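Okay, so here's the structure we're looking at.
The values are calculated or read from the model by the stated rules, or taken from the named source; none is laboratory data. Here the structure is a predicted model, which means the values were calculated and not measured. Positions of Cβ are generated from backbone atoms using ideal geometry, with glycine treated the same way; all protein chains shown enter the neighbour counts. To get the accessible areas, we keep the full protein, side chains included, count just its heavy atoms, and leave off ligands, DNA and RNA. Shrake-Rupley method; radii C 1.70, N 1.55, O 1.52, S 1.80 Å.
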Amino acid sequence: MMRRIFALVLTLSVALLLAVPPAQAQGNEGGLVMFTDYPSQVVELGQSLTFRLTLRSDTAQVVDLQVKEAPTGWTTNFRGGGHIIKSVYVEPDKDARVDLKLDPPSDVTAGDYQFVAVARAGSSEVSLPLQISMTEKLPAQLQLTTDLPTLKGSPSTTFRYNVTLKNEGDEDLDVSLTTDPTPGFLITFKLTGKEVTSIPVSANESKRLSVEAKPLGEVPAGSYNIVIHAQGSSTSASLTLTAEVAGQEDLK
């Protein structure tokens with residue numbers, strides 16, 4: 001009886017082993033893993049891009065590297081230690097890091113581009129899909145805005161406007177700040193409490209400015225337009241602010 005049970009168990013064990021798909025068994029061999037923190041990235045049209053790849057293995061082994069799929073005209077190179085490489089030695093419980101540099105052709109157009117990086121060691125192979133989205137560079141563009149363009153005060157009031165300067169382009173700019181002459185007022189720009197006449201504004205960055213209009217003596221009652229300008233290398237923006245000065249009654 002015991003012999004029959006043993007034979008039955010042995011037969012079932014062999015059947016289960018034969019049922020394991022060969023591809024899955026090969027995929028698990030050596031415990032090889034390859035990954036990157038940012039597999040899909042956006043870059044400006046025509047720029048090169050480097051993916052930082054991490055390889056991990058349960059056993060010490062030499063891993064061959066290859067880009068299996070790439071768009072026509074692109075140049076692909078694995079780099080390590082300052083050199084172009086084709087393989088990397090991976091130790092157990094110690095990550096190996098490799099850079100994959102992708103250079104587009106000179107006639108590349110905007111769009112999405114797909115790549116597949118492959119790591120192979122013996123019969124074990126892992127693939128890592130990567131994507132680059134190439135976009136047109138946004139032209140330099142400045143914008144000046146404020147929530148309260150009109151302020152009211154007395155003939156001796158210093159009018160203070162909170163203004164936002166935004167660089168809506170894809171390049172950093174050095175921006176000069178100027179104003180049209182406003183009779184009876186001294187106009188100054190301040191950033192974090194300090195008076196400025198020019199400021200650097202990075203691509204897609206916004207900065208909060210304080211524009212102060214200080215009366216030179218007592219200004220007659222009326223409405224005064226204060227026109228300010230922001231000038232970059234190839235772009236500019238203007239904004240009109242208004243100071244409404246109310247008259248004061250004589251006291252007897």
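So which residues in the stretch 53-86 are on the phi > 0 side of the Ramachandran plot and modelled with pLDDT of 95 or more? Break it down into steps so the answer makes sense when it comes.
First, the residues of the stretch 53-86 that are on the phi > 0 side of the Ramachandran plot: 73, 81-82.
Of everything in the stretch 53-86, just one residue is on the phi > 0 side of the Ramachandran plot and modelled with pLDDT of 95 or more, namely 73.
Checking the conditions here, which among 244, 195 is at pLDDT 90 or above, under 23 Å from residue 173 (Cα atoms) and not β-branched (Val, Ile, Thr)? Write out each step before concluding.
Numbers: 244 fails: under 23 Å from residue 173 (Cα atoms).
Every option except 195 fails the conditions.
How many residues are in contact with an Asp or Glu (Cβ under 9 Å, 6 or more places away or on another chain) and modelled with pLDDT under 90 if we restrict to the stretch 198-226?
Qualifying residue count, the stretch 198-226: 2.
How about the stretch 173-215: which strands (runs of 3 or more DSSP E) wholly inside it have at least 1 residues that are without any contact (Cβ under 8 Å) to a residue 12 or more places away in the chain? So that I can check it myself, show each step before the final result.
Values: elements: 173-179, 185-191, 194-196, 198-201, 206-215.
Ranges flagged: 194-196.
From the residues in the stretch 110-141 that are touching a helix residue (DSSP H, G or I) at 6+ places or on another chain (Cβ under 8 Å) and surrounded by 14 or more Cβ atoms within 10 Å (Cβ to Cβ), which one is modelled with the highest pLDDT? Give the steps one after another, and end with the answer.
Just the residues of the stretch 110-141 that are touching a helix residue (DSSP H, G or I) at 6+ places or on another chain (Cβ under 8 Å), to begin with: 121-126.
Next cut, surrounded by 14 or more Cβ atoms within 10 Å (Cβ to Cβ) only: 121-122, 124-126.
On the way: 121: 93, 122: 87, 124: 89, 125: 93, 126: 96.
Ranking the qualifying residues of the stretch 110-141, first place goes to 126.
Could you say which residue among 100, 148, 144 is closer than 30 Å to residue 225 by Cβ and open to solvent by less than 70 Å² (accessible area, probe 1.4 Å)? Steps first, please.
Details: 100 fails: closer than 30 Å to residue 225 by Cβ; 148 fails: open to solvent by less than 70 Å² (accessible area, probe 1.4 Å).
So the residue among 100, 148, 144 that is closer than 30 Å to residue 225 by Cβ and open to solvent by less than 70 Å² (accessible area, probe 1.4 Å) is 144.
Of the numbered conditions (1) open to solvent by 70 Å² or more (accessible area, probe 1.4 Å); (2) touching a His at 6+ places or on another chain (Cβ under 9 Å), residue 180 fails exactly one; give the number of that condition.
All conditions pass for residue 180, except number (1).
Please verify whether residue 50 is modelled with pLDDT of 95 or more, open to solvent by 50 Å² or more (accessible area, probe 1.4 Å) and either under 18 Å from residue 85 (Cα atoms) or not in a helix (DSSP H, G or I) (or both), treating the condition exactly as stated.
Values: modelled with pLDDT of 95 or more: yes; open to solvent by 50 Å² or more (accessible area, probe 1.4 Å): yes; either under 18 Å from residue 85 (Cα atoms) or not in a helix (DSSP H, G or I) (or both): yes.
When the stated conditions are applied, residue 50 passes them.
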